Structures are given as structure tokens and as C-alpha cells.
Amino acid sequence: MTKEEIISKVNALLAEEFEVEEEVITPDANIKKTLELDSLSLVDLVALIDGEFGIKTNGAEMSKVLTFGELYDFIAGKIA
Amino acid sequence: MERRVVITGVGIYSCLGKNLEEVKQSLWDGKSGIIFDEVRKSMGFRSALTGHVDLPNLKGILSRNQRVYMPEQAQYAYVATAEALANAKLDQDYLESHEVGLLYGNDSSAEPVVKSVDTMREKGDTTMIGSGGIFQSMNSAVTMNLSCIFKLKGINLTVSGACASGSHAIGLGSLLIKWGLQDMVVCGGAQEINPYSVCSFDGISAFSTRESDPTKASRPFDRDRDGLVPSGGGATVIIESLESAIKRGAPILAEVIGYGFSSNGDHISVPNVDGPRRSLEMAIREAGIRKEEIGYVNAHATSTHVGDQNEAKAIAAVFDTYKPEVTSTKSQTGHEMWMAGASEVIYSMLMMKNDFIAANINFENPDEDSAKLNIPGQRVSKHFDTFLSNSFGFGGTNSTLIIRDFKG
């Protein structure tokens, strides 16, 4: 999967699940702030990413991922 | 000094309609909300009959982070509560600046439990269940969601009393107000309607198998009844002290004048006569009225053989020679279980406010016990200002409410 494909998939997935416009999901934007995540909905982010990309992560690991750009890299690293 | 308890708002979301106006019309028309559900048949149900309620679309009304914790019955309860609050002329500012309580009847949340376990088994990872699973799975799912959404600050409690849950919620709420512990309580009952929630109930042969004619299947008190039909939805009744209602200029719809309760202390599923009789007598005693003042009785009768038979005996014993109209609105709705005690207060209020008694549909031939009651099979035009509503549940829990039109 190319980086562009990951970005496109992540953006569409998160926009749909967390009900935000795709335009607000930019590489430098803060994930928690943009998606209005609290400690509970962070679990949903983990479940969503794990389910979609078939990877295994957890809340502690994911909470270190601050921006969408870091998230794309994080996923790319996991599926590489 | 004991305070008077009045009803200032009601809201309903049921198989008879998605709001008070639709439900009133269905009651007037004698419409049935029962359908045959192919999905249940394919799942192995003995009876595929059920009340039908559409899931409300709350997207755009509640945020994603509010909806994710709500099982279906909490969604029904939300819609009913929003209608009740609007009718009671209560806005968010009022709710947030007063100690408003919440007592809601609910006694299961099966589907989220099943789905959570399925996900865990399939994925081998509990994180994959997501954040909503735990909150949706609990019996208190309705009260925990409504209290957070509406920011309620008084008592916050789910009443689990089987098929009397909704009635007990109103009764217990009325006591808190009567004794001065709360000025206002949002009461009600909610019932999930998904197949998972009733498959085990179907398994004990409690449901009608008259699948060839779904709208004729629920036939309380009729000689040829063969079991109940499960149903669901949400019903909200807002009660408050008379002083509170007057102070804020609220529309006063009716007054809760009596709450009776009892336990059979007997069989887990088979009701008896003595327990319900004591509940009725206590409600009448607490109301401080003569039984002849009761113009209508909304029976619990679910369309089971022994349940209807024993309730008929209890009503006949209490009312003796006086014979007010007795009907079971479950003939139209099916059995709304945890919700029924609250919804049936609303159905009865709609009749009281519009001078009619809805037909006990499908009542074609009485049996030996129902013949002793005055059960109209057709709609009756009648003015009445006081009604009694029965709700009984597994384990022998009984609740009876007496409601009177508000006279000032």
C-alpha cells in the first residue's frame, strides 16, 4: 500500500467515523483536537485503525501519535 | 407535609407512533403495531411476531460522542424524553440550574452484550469492541445516557422490576416528590426490540404463534389467546411537585394520586391473584378514593392464559359489583415489557384527555374470568377523570398507579 493510499483511506475513514469534514484532516493538524477525542474515543480510533489495516496497536502507543502526518507514518511503519 | 405530585409532560416513541399525536390516532383507530419478522424466523424463533419500531435517526441531533454510548432503547427513550421536556415547557437552562431527577425503567440491554462478545471471539482482542460496548451493555444504559445528554443533577437511577419497571419508576419518583426529596423527576420506561433481547423469552413458549395473522395475535382476555407478542420503544413521564409546576407556570396534565405495590412471593413466572389484588388495594387506599371514582382500568393483561386469567380474578375481586371499563392496550402494542408501565400511563392519559377508551382489539369471546369484567371490544366514547394502570412482572413484582385529571 502506497503512502498516498494510506492517507486517502485514513482520511475517509476518520471523517466518516468521527463526523468531520475531510478537509480538516491535514498532516499538521492535531488528531485529538480535530476529532474531539477523549480517553474513550481514543479506543475507537485504535479499533478503527487496527481493523482497517490489520495491525495491532494500543492506546498507549497511539496516544504518542499527535498529528495526522505522524499517524500516516505510524501506519506505514506497521504494515511495512 | 406530603406534597401533591403532578404530571407536566409526556412523550412517546412506540409501535403505535413516533409522537403523541400519532399514538393518539392509532389508539382511536384501534391500529395494531404487530408484524411478522422474517429475520426472527430465519434465526430459529418459535414465533416471529413482534411490535415494529424504526430506529430513530439521531445523527445531526446528538453528536457522535453522545450516540456511541446509546443502545437502541436509549435512543427511543431520548426521543420520548425530548418530546416530554418540550411539552412540559422545560429548556436546557432550567435542567442545568435545578436538581432534576431521573428514574427510568429498563431491565436488559442484550444486543450490545452479544455484539461485544462476538467481536472479542472473532478478533481475539477486547479493544476491537470499541468504547461504546460497556456503556451500551449495562442495565442502566438509559439513565446514564439521558442524565449526561440532558445534564440532569438529581437522583439518577434505573429501575429494574421486569415488566413492571416503568410503572415502578413513576411510582417511586412520585414518592420522592411527595416526601420533599425531589421537586421534579423525569420518569419512564424503555424496551429494546432486537431479536437477541427476546430469543430466550421465545424459548419458553411464552409468545403467540398466530403468525398467519399478526395483528390478531395479541388478544388479551380473549378466550382464544395463545401468548404474548414482544414489543418495545420508549415512554417518558415528567412528574413534579404541584408547587414547582405552579411556580414555573407549567401545563399541568394530571396528578399521580396513588401508587401500590406488592410481591407475590410465589412462582418466578406464573402470577397469582393475591399479589396483584394487594397492589390494587394499596393504590386505591393510598389515593384515598372510592373505587367507584375510577372510570377506566388499563390492565396489565399480556395475552397469556394464566396471566390474564389471574388478573381478571384480581380486578373482579377488588371492584366487586362496580364494573368500570377494563382494557389492555397490549392488544394493539404487544407487550412493551420494561417500558409498558410508563407507556400505558401515557396511552391512558391520551384517552382521558380525549374522552374515549380504545378498543381491547381482538377481544371476541370472553373466558370464564374475563366474562366477569366490562371489556369493550370496540372503542367507547366516555368522559372519565381517573384511571388505574396495572403492571406486573416476572418474580411476582406488582405495581399499580392511579392517575387523575388535574382539577386544581
Each label sits 7 Å from Cα toward the beta-carbon; between B:Asn19 and A:Lys9 the label points are separated, in nm, by 4.5
Can you tell me which aspartates and glutamates have their Cα less than 20 Å from the Cα of B:Lys178? Leave out same-chain residues fewer than eight positions away.
B:Glu2, B:Glu99, B:Glu240, B:Glu243, B:Glu255, B:Glu281, B:Glu286, B:Asp405
Can you figure out the FRET efficiency of A:Lys33 with B:Glu38, using R₀ = 41 Å and their beta-carbon distance, to the nearest 0.05?
0.35
Whichever aspartates and glutamates have a C-alpha closer than 14 Å to that of A:Lys3, once near sequence neighbours (fewer than 8 apart) are set aside:
A:Glu70, A:Asp73
Mean shadow area of the range B:34-89 over all directions, Cα convex hull, nm²
5.5
Net charge contributed by nearby residues that have their C-beta within less than 13 Å of B:Gly234 (K/R +1, D/E -1)
-4
Working from the alpha-carbon coordinates of the protein assembly as shown, get Rg over Rh, Rh being the Kirkwood radius.
1.04
Starting from the alpha-carbon convex hull of the range A:3-79, give the projected area averaged over all orientations, in nm².
4.3
With charges set only on the Cβ (+1 for Lys and Arg, -1 for Asp and Glu), what does the dipole of the protein assembly as shown come to about its Cα centre, in debye to the nearest 20?
1140
May I ask you to evaluate 6.51 cos²θ - 1.76 cosθ + 1.60, the Karplus curve with θ = phi - 60°, for each residue of the range B:56-61 and list the ³J(HN,Hα) values in order in whole Hz, giving x for glycine and proline?
x, 8, 9, 5, x, 9
Would you mind counting up the charge near B:Glu111? Only other residues with Cβ under 9 Å from its Cβ, with Lys and Arg at +1 and Asp and Glu at -1.
-1
Evaluate E = 1/(1 + (r/R0)^6) for A:Asp73 and B:Lys89, where r is the Cβ-Cβ distance and R0 equals 60 Å; express this FRET efficiency to the nearest 0.05.
0.65
Cβ under 13 Å from B:Gln309's Cβ, B:Gln309 left aside: what net charge do those residues give with Lys, Arg +1 and Asp, Glu -1?
-2
Using amide H atoms built 1.01 Å from N in the peptide plane, name the residues 5+ places from B:Ser131, or on other chains, whose amide H lies under 5 Å from its own.
A:Asp44
P(r) for chain B, please, calculated from all Cα pair distances in 10 Å bins and given in %.
5, 25, 35, 24, 9, 2, 0
Quick one: what are the phi-derived ³J(HN,Hα) couplings along the range B:386-402, Karplus 6.51/-1.76/1.60 with θ = phi - 60°, whole Hz, x for glycine and proline?
9, 9, 10, 10, 9, 9, 10, x, 3, x, x, 8, 10, 9, 9, 10, 10
Give the dimensionless ratio obtained when the Cα radius of gyration of the range B:1-131 is divided by 2.2 N^0.38 Å.
1.34
Could you work out which residue, out of B:Ile375, B:Ile149, B:Ile238, moves most in a Gaussian network model of chain B, that is, has the largest mean-square fluctuation with Cα springs under 10 Å?
B:Ile149
Residue mean of other protein chain beta carbons inside 10 Å, B:127-140
3
Could you tell me the distance between the Cα centroids of the range B:376-405 and the range B:172-243, to the nearest Å?
13
Pairs A:Lys33/A:Lys64; A:Lys64/B:Lys153; B:Lys59/B:Lys151; B:Lys18/B:Lys372; B:Lys41/B:Lys115; B:Lys59/B:Lys353: which exceed 24 Å Cα-Cα?
A:Lys64/B:Lys153; B:Lys18/B:Lys372; B:Lys59/B:Lys353
With the charge dipole of the protein assembly as shown built from beta-carbon charges (+1 for Lys and Arg, -1 for Asp and Glu) about the Cα centre, the Cα from B:Ser389, B:Thr209, A:Gly54 projecting farthest to the positive end belongs to B:Ser389
As a Kirkwood estimate from alpha-carbon pairs, the range B:251-408 has a hydrodynamic radius in angstrom of 15.4
Under 13 Å between alpha carbons, and skipping anything fewer than 8 positions from B:Lys330 in its own chain: which aspartates and glutamates qualify?
B:Asp222, B:Asp308, B:Glu344
Of all stretches in chain B that avoid trypsin sites (Lys or Arg not before Pro) placed in a DSSP loop and having at most 10 other Cβ atoms within 10 Å, the longest is B:1-289
Just to be sure I understand the model, the point goes 7 Å from the Cα along the line to the Cβ. What's the resulting B:Ser212 to A:Ala80 distance in nm?
7.0
If the chain between B:Glu99 and B:Lys247 were fully stretched, how many nm would it gain, using 0.36 nm times the residue separation less the Cα-Cα distance?
51.8 nm
In chain B, helical segments from DSSP H whose Cα atoms cover 18 Å or more along their own axis and that average at least -1.0 on the Kyte-Doolittle scale are B:72-87, B:110-123, B:165-178, B:274-287, B:305-319, B:340-353
About the Cα centre, and with charges only on the beta carbon of Lys, Arg (+1) and Asp, Glu (-1), how big is the dipole of chain B? Nearest 20 debye, please.
440
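Throughout, read-outs are computed from the coordinates displayed, never taken from laboratory work. Since this is a predicted model, take the numbers as computed values, not measurements. A quick note on method: Cβ atoms are made from the backbone with ideal geometry, for glycine too, and the neighbour counts reach across all protein chains shown.
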